[in-house]
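The values are calculated or read from the model by the stated rules, or taken from the named source; none is laboratory data. This one's a predicted model, so the numbers in the text were calculated from it and none came from an experiment. Heads up, the Cβs are rebuilt from the backbone with ideal geometry, glycines too, and the neighbour counts pull from every protein chain shown.
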Amino acid sequence: EKLGPLQDEPAPFTRTGPGAGGLTKPDFVDYGGTMVFDAVARRLQTAPRLPTAGLITTNHDFLRQLLTSKSGTSFAAPMLANRAAQLVRRFPDASANLIKALLANSATVPEASTQRLSGFDARDQSRVHGNGLVDTLRAAFSDDHRVVYFAEDNLEMDHFAVYRVPIPAEFQTGGKRTIRVSLAYDPPVKRTRAEYTGTRMNFRLIRGCPVDHVFEHFRSRVGEGSVPPEMAGKYDCDLVPKKNARDKNTIQSASISFTADTTQYGEEYHLVVRCVGGWAMDQEIRQDFALVVELEHQAQVQLYARLRPRLRT
């Protein structure tokens, strides 16, 4: 009898975080084979001894055998790199930040992994699976009922930007709707410092608040330090993962779902992105970043056709 993890469960050799400076690591997961307990032999078996426990790959002794099966995180890494390469082919002018943000926005944690880790709290679970398993097609394309926006930009230290997120009438009612936001940036880093990253960034999704008030709230606090200002709870969308769980990360992804009527919040939300100075505060740099925003309606509502005329080309 052989016992091992089910499909999409973490493998016994899965690497876990946290990363440097308390960052959530890994950012993503991918398939790298598994290990199986052989009850008869009373030991763990893996590829190539047990070929079905591994991934098919080229054999180092290719003259004797072209292909073999292997297991390990070293095989998961190129799987993810291949997914990133597919996005680069789709968006050849995209920055590394945009590729990372698109990957994050498409990633989901497999249900089998969630169930296996149900005894751990959310933070410990994220140290195993990060943002989850990437869906390349979802990252590269919108659907009729799912629209993906993206942007690349930069900010000075301790400055912010506000982006308008159009919310059509069709998205305000009619079943489950989800907004997902992903941010990726590439801060300067120093391993010799207690504070690993030189800059920090975060985002807040605001609804039901006039844009002038949004600007006034954040502008009045520019230069006050590293603590991001918070708006009143009635305006601030309660995205998951929570702020404290994501704000340290250089790749951040969070979402909120609605089932109730949200027409009272209007046809426009505002996404606030702030660059908070760390030890790089004294350096005259602008922090590059990329944003991805996804609107998805579970019902087959023609969101893409409705929103495309409002996109800037």
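Checking the condition within 18 Å of residue 254 (Cβ to Cβ) and either in contact (Cβ under 8 Å) with a residue 60 or more places away in the chain or basic (Lys, Arg) (or both), which residue from 122, 96 passes? Show your work before the answer.
Values: 96 fails: within 18 Å of residue 254 (Cβ to Cβ).
Within the list 122, 96, the selection yields 122.
Taking the stretch 132-146, which residues are surrounded by 18 or more Cβ atoms within 10 Å (Cβ to Cβ) and touching a Leu at 6+ places or on another chain (Cβ under 8 Å)?
Matches in the stretch 132-146: 134, 139, 145, 146.
With 104, 53 as the choices, which residue is crowded, with 19+ Cβ neighbours inside 10 Å and under 18 Å from residue 12 (Cα atoms)?
The unique qualifying residue is 53.
Please specify each residue of the stretch 246-264 satisfying the condition of being among the hydrophobic types (A, V, I, L, M, F, W, C) and either within 25 Å of residue 184 (Cα to Cα) or not in a loop (DSSP other than H, G, I, E, B) (or both).
The answer is 251, 254, 256, 258.
In the stretch 235-255, which residues are acidic (Asp, Glu) and either in contact (Cβ under 8 Å) with a residue 24 or more places away in the chain or outside the structural domain of residue 274 (by TED's automatic domain parsing) (or both)?
236, 247
Tell me which of these residue 306 doesn't satisfy, since it passes every other one: (1) of a type outside the set (S, T, N, Q); (2) surrounded by fewer than 20 Cβ atoms within 10 Å (Cβ to Cβ); (3) assigned to a strand (DSSP E or B).
So residue 306 meets the others, but not (3).
Hey, residue 178 hits all of (1) within 20 Å of residue 263 (Cα to Cα); (2) assigned to a loop (DSSP other than H, G, I, E, B) but one; which does it fall short on?
(2)
Taking the stretch 137-155 on its own, how many of its residues are at pLDDT below 95 and either at positive phi or polar (S, T, N, Q) (or both)?
Qualifying residue count, the stretch 137-155: 1.
Quick check on my filter: what residues within the stretch 96-134 are within 16 Å of the chain's Cα centre (by Cα) and in a loop (DSSP other than H, G, I, E, B)?
If the condition is that a residue be within 16 Å of the chain's Cα centre (by Cα) and in a loop (DSSP other than H, G, I, E, B), then 107, 109, 110, 130, 131, 132, 134 are the ones that fit.
Which of the following residues is more than 29 Å from residue 190 (Cα to Cα) and basic (Lys, Arg): 83, 15, 90?
90
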